[in-house]
């Protein structure tokens with residue numbers, strides 16, 4: 001009995017350590033029968049979306065470390081095109097694709113990740129085999145409510161959108177990423193505007209158009225739900241607004257990362273810009289700061 | 001939780017009590033173990049795939065000892081089943097299935113249960129290897145990785161004496177650290193074990209240190225295949241016995257949105273006479 005009592009001492013130490021403090025983690029994404037519907041029913045679409053997801057995270061990691069410039073644009077756009085030519089089957093583990101960004105800008109990383117989860121789930125709901133306008137509305141309402149309850153969800157800043165300087169600094173990569181964002185928007189519109197039988201034909205056409213015009217120049221507005229997905233906007237305005245906010249947040253982040261962080265001074269300035277971005281978007285600033 | 005099949009940890013034998021009642025498993029032919037394993041794989045494989053795979057979320061013994069300092073996400077379930085074969089230098093080989101369930105009970109807090117069976121339970125009990133003990137654990141993330149420091153976590157396991165020849169409840173306390181460097185991560189685990197009941201020649205307090213690495217294998221930077229390796233040093237369960245040194249290597253690969261296949265192998269470089277010549281483990285894990 002005495003021995004057994006002493007065996008519990010480590011447990012007390014464990015709980016003491018646990019009480020030291022914690023940073024809130026993201027929760028596991030909400031689950032439902034619709035989960036992974038895009039992967040199951042539209043594997044070609046899902047694979048291209050995975051390539052775009054990899055591209056986004058890789059772009060953020062490169063921009064965080066080296067900034068955005070023409071020198072890296074060529075190499076990165078080639079990488080993106082090679083990913084799209086043989087797209088991955090599964091979505092990336094974000095913190096392995098962008099490890100430095102994940103640990104040095106944790107709140108921004110989690111906001112982007114939680115946004116990606118929300119975007120993926122919205123598409124899965126629309127792609128579900130039992131999808132109907134009523135069910136979609138109910139399910140999307142639920143995930144939107146859960147999204148907003150997270151500490152890492154985005155709230156709209158008062159200031160208008162900034163200029164597209166980052167796009168001009170790396171035009172080739174920006175065009176491909178913008179085409180990728182537009183693919184998500186058009187796919188949502190295809191899935192929302194058609195029944196299960198018609199969806200695959202519309203998605204097939206969208207994919208063919210995407211493959212043909214991935215490097216075509218477009219304005220950022222063409223990749224917004226409010227321009228390219230009228231059905232989604234009319235039926236699910238809250239979700240469309242939130243996803244457009246996510247696109248805008250990503251664009252503003254790239255603007256903030258434009259000069260990069262190769263020197264100590266540059267890192268200091270970059271960190272300050274990213275903190276300002278976090279404040280504007282209602283995110284915590286603790287945990288933002290490079291070495 | 002790791003090391004239940006290995007000699008030198010989770011010592012349950014207390015000298016191998018031959019008059020102890022035997023588990024039904026002891027009398028079962030090997031075919032029933034294989035059937036259990038195959039059935040478990042089938043069940044795992046037909047489960048509906050879900051979102052957000054956690055290939056990098058390492059669990060001890062899936063497939064090697066090292067664990068990362070990261071709990072499963074809040075409200076996530078993860079289940080794993082594996083099969084292990086150990087060839088020993090004294091020729092008394094063993095094999096059997098292992099099972100585990102994890103749940104993200106709160107943000108940063110993982111809870112779980114695990115169970116492993118091995119053949120030759122009486123002999124393995126004498127070697128200090130449990131068969132059928134239930135492990136319950138909680139893993140708490142103290143802090144995630146930051147610009148300056150590694151991810152840190154603590155883990156507490158309670159090992160209940162539900163297996164053959166088991167006596168006393170053991171407690172394991174583990175400190176875990178993980179640091180990422182581009183495509184690879186380094187891990188360090190340090191474990192203290194307090195045995196609830198021991199035989200006269202057995203240590204009641206034991207230590208284990210693990211240094212491990214994992215590496216993304218894809219040249220395109222995909223996160224679908226992970227290679228792992230580690231070195232484990234632990235105290236011998238017997239007083240005066242030599243320390244046990246093990247090296248292991250393995251891989252985890254996504255085979256579904258939520259499903260991973262894993263395989264690993266290891267060998268004891270130093271230790272007592274009946275130490276493992278080679279240990280092979282294969283299995284699948286699924287996150288819900």
Ratio Rg/Rh [Cα only; Rh per Kirkwood] for region B:24-287: 0.95
Give me log10 I(q)/I(0) at q = 0.09, 0.14, 0.19 Å⁻¹ for region A:164-290, Debye formula, one equal scatterer per alpha-carbon, no solvent. -0.34, -0.72, -1.05
Cα centroid distance between region B:228-261 and region A:67-138, in Å? 33 Å
If you wrap region B:63-211's Cα atoms in a convex hull and average its projection over all directions, what's the area in nm²? 10.0 nm²
Using a 10 Å cut-off around each Cβ of peptide B:256-268, what is the average number of partner chain Cβ atoms that fall inside? 1
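Quick one: length gained pulling residue B:225 to residue B:146 fully straight, 0.36 nm per residue minus the C-alpha distance? Can you show the working numbers first?
Numbers: separation 79, 0.36 × 79 = 28.44 nm, distance 2.46 nm.
Net length gain for the segment: 26.0 nm.
Mind checking the full-extension length gain between residue B:134 and residue B:199? Use 0.36 nm per residue of separation minus the Cα-Cα distance, one decimal, nm.
Separation in residues times 0.36 nm, less the Cα-Cα distance, equals 21.3 nm.
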Between residue A:151 and residue A:217, take the C-beta separation as r, use R0 = 56 Å, and let me know the FRET efficiency to the nearest 0.05. 0.90
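I need the calculated FRET efficiency for the pair residue B:186 and residue A:165, taking r as the beta carbon distance and R₀ as 35 Å, to the nearest 0.05.
0.40
Per-residue counts of other Cβ atoms within 10 Å, averaged by peptide: what ranking do you get for B:248-254, A:268-274, highest first? Display every interim value, and only then the final one.
Numbers: B:248-254: 20.7, A:268-274: 18.6.
Ranking, from highest mean packing down: B:248-254, A:268-274.
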Would you mind ranking A:204, A:31 so that the residue whose beta carbon has the fewest other beta carbons within 10 Å leads the list? A:204, A:31
For chain A, calculate the relative contact order in percent as a whole number, restricting contacts to Cα pairs under 8 Å that are 6 or more residues apart. 25 percent
Compute the Kirkwood hydrodynamic radius of region B:148-288, taking the inverse of the mean of 1/r over all pairs of distinct Cα atoms, and give it in Å to one decimal. 17.3 Å
For the pair residue A:201/residue A:135, report the inter-label distance in nm, with labels modelled 7 Å from Cα in the Cβ direction. 2.2 nm
Give me the Kirkwood hydrodynamic radius of region A:33-280, using the inverse of the mean 1/r over all pairs of distinct Cα atoms, in Å to one decimal. 18.3 Å
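Every read-out reported here was derived from the displayed coordinates using simple, explicitly stated rules and does not represent laboratory data. A quick note: this is a predicted structure, and the numbers were derived from the prediction, not measured. Note that each Cβ is placed from the backbone with ideal geometry, even for glycine, and that neighbours are counted across all protein chains shown.
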